[in-house]
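See structure below.
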Amino acid sequence: MSLIDQLNQLEYEALAALEQIADLTALAEWKSAYLGKQGALSRLSRGLGALPAEERPVAGARFNAARATLEQALERAEAQLKRIARQHAFEADQVDVTLPGRAPAVGRLHPTTQMLRTIYGILGEMGFQVWESPEVETDEFNFQLLNMPPDHPARDMWDTFYVETAPGEPTLLLRTHTSPGQIYAMRANAPNPVRAILPGKCYRYEQVTARHEMQFYQVEGIAIGEQISFSDLKGTLVAFAERLYGKGVKTRFRPSYFPFTEPSVEFDIECFLCSGAGCRVCKHSGWLEILGAGMIHPTVLRNGGYDPDAVSGFAFGMGPERMAMLRYGIDDIRWFFSGDERFLQQF
Ligand code: PHE
């Protein structure tokens, strides 16, 4: 076979092989097999030297033309393969815009916060302003100024967590109730009348149960002025309960004891779970206690800077978690601090 025939054959083969190529790796192999320095075309062109001198220019031109043809075919094939690869990548990446989106998780207020805000709303309309007071307290404010000197037996009702302090420093503790706030609010206002609420977190060292947590919120309230009586206290609390739970809600006052009020009461709402029949949550009494209250003890009024002969006042301390339990039908107070989203998402 003449050199030119071999070249024609090679060109034909190469173009046919190119047709079959489906990816860029195979294309690179094809390129070095036919067009590379050691490729078929270069090897065949070595035969040019053996041709008679007068045939060489024509044959040489034919080799050049064949190389050009193959190079152009290679370029076309490469462009084509790249286009296909890009197309595949697009298809693999394709976003189905008709799929429903993923809704972002929307946060919301904790049920205790919701209850606190409801309480501020109702008592705010009755003229109580919101005050703040510290969560870490001295023994003096948590107990002594509230008519509980050291070793007073009533301290047993409020066991707490103590902070280690240097000898001679005042004893620090996590407050067991918001009642120390009464003293701050009184001292800031005496001798003028005051109506204030003091919300915040409290702590107790005690057995955790369905009704008791070692941390919880309270909202303290005080009203001090001339001629404030026990019926003002009752009227305020019943009106408050009706605003919160609806007219006709069953409530009751029970005589109780607190060193800082005299007389003292506890205020109950009919149990939401059993409607008064008695169950685990209400300790089979049919009632749930939501607050302690009473007429402010003269000693406490004096500690706050008031003259107990000139003014009187009432105080109450309510438990918003207990109140949220009643409102939403929550049967265990431990849910509030569980951090369980399934619980939180319901409010
Ligand atoms: N501080 C009391 C408690 O935590 C509640 C209370 C507040 C009682 C104000 C009377 C007056 O139990």
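The values are calculated or read from the model by the stated rules, or taken from the named source; none is laboratory data. This structure is a prediction, so every number in the text was calculated from the model and none was measured. So basically every Cβ, Gly included, is an ideal-geometry build from the backbone, and we count neighbours across all protein chains shown.
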### Message
Out of L233, L288, L273, I need the residue that is within 14 Å of the ligand (Cβ to nearest atom) and either in contact (Cβ under 8 Å) with a residue 60 or more places away in the chain or out of contact with any Pro (no Cβ under 8 Å at 6 or more places or on another chain) (or both). Which one?
### Response
L233
### Query
Counting only residues that are surrounded by fewer than 20 Cβ atoms within 10 Å (Cβ to Cβ) and free of Cβ contacts under 8 Å to residues at least 60 places away in the same chain, which one in segment 304-334 is nearest to the ligand (Cβ to nearest atom)?
P308
### Residue match in segment 272-283 (condition: more than 27 Å from E213 (Cβ to Cβ) and buried (at least 18 other Cβ atoms within 10 Å of the Cβ))
no
### Check on T138, surrounded by 10 or more Cβ atoms within 10 Å (Cβ to Cβ) and within 23 Å of the chain's Cα centre (by Cα)
no
### Message
Of the residues L172, L146, only one is more than 25 Å from L291 (Cβ to Cβ) and among the hydrophobic types (A, V, I, L, M, F, W, C); which?
### Response
L172
### Query
With respect to the numbered conditions (1) within 16 Å of the ligand (Cβ to nearest atom); (2) surrounded by fewer than 21 Cβ atoms within 10 Å (Cβ to Cβ), which one is the sole condition not fulfilled by I119?
(2)
### Message
Taking the criterion of being in a helix (DSSP H, G or I), away from the ligand (no atom under 13 Å from the Cβ), closer than 23 Å to A310 by Cβ and of a type outside the set (D, E, K, R), would at least one residue in segment 187-200 satisfy it?
### Response
yes
### Task
Mind counting the residues in segment 294-303 that are among the polar types (S, T, N, Q) and without any contact (Cβ under 8 Å) to a residue 60 or more places away in the chain?
0
### Task
State whether one or more residues within segment 223-230 are farther than 16 Å from A185 by Cα and in contact with a Leu (Cβ under 9 Å, 6 or more places away or on another chain).
no
### Message
Return the pair list, or none, for Cβ contacts closer than 9 Å from residues in segment 248-268 that are without any contact (Cβ under 8 Å) to a residue 12 or more places away in the chain and more than 18 Å from F143 (Cβ to Cβ) to residues that are more than 10 Å from the ligand (Cβ to nearest atom) and not in a strand (DSSP E or B), at least 6 apart or on different chains.
### Response
G248/E242
## Note on the structure
Considering segment 55-106, residues that are charged (D, E, K, R) and not in a helix (DSSP H, G or I), and then whichever is farthest from Q345 (Cα to Cα), we arrive at E55
### Query
Does any residue of segment 256-268 turn out to be among the aliphatic types (A, V, I, L, M), surrounded by 15 or more Cβ atoms within 10 Å (Cβ to Cβ) and away from the ligand (no atom under 13 Å from the Cβ)?
no
### Query
Residues of segment 235-290 being part of a strand (DSSP E or B), farther than 30 Å from L301 by Cα and of a type outside the set (F, W, Y), which ones?
E270
### Message
Here is a list: Y217, Y203. Which entry is closer than 16 Å to G292 by Cα, modelled with pLDDT of 95 or more, surrounded by 14 or more Cβ atoms within 10 Å (Cβ to Cβ) and within 12 Å of the ligand (Cβ to nearest atom)?
### Response
Y217
### Query
Does A293 satisfy being assigned to a loop (DSSP other than H, G, I, E, B), out of contact with any Cys (no Cβ under 8 Å at 6 or more places or on another chain) and modelled with pLDDT of 95 or more?
no
## Note on the structure
Subset of segment 44-55, residues closer than 19 Å to E11 by Cα and either surrounded by 12 or more Cβ atoms within 10 Å (Cβ to Cβ) or touching a Cys at 6+ places or on another chain (Cβ under 6 Å) (or both), comes to L44, S45, G47, L48
#### Entry: Answer from Y328, Y306, Y257 - the residue that is among the aromatic types (F, W, Y) and modelled with pLDDT under 90
Y328
### Query
Given the structure, is Q218 touching a residue at least 40 places away in the same chain (Cβ under 8 Å) and either on the phi > 0 side of the Ramachandran plot or among the small types (G, A, S) (or both)?
no
#### Entry: Within segment 10-28, tally of residues that are under 19 Å from I84 (Cα atoms), in a helix (DSSP H, G or I) and not polar (S, T, N, Q)
7
### Query
Taking T209 and the conditions (1) among the polar types (S, T, N, Q); (2) crowded, with 18+ Cβ neighbours inside 10 Å; (3) modelled with pLDDT under 90, which numbered condition does it fall short on, given that it satisfies the others?
(2)
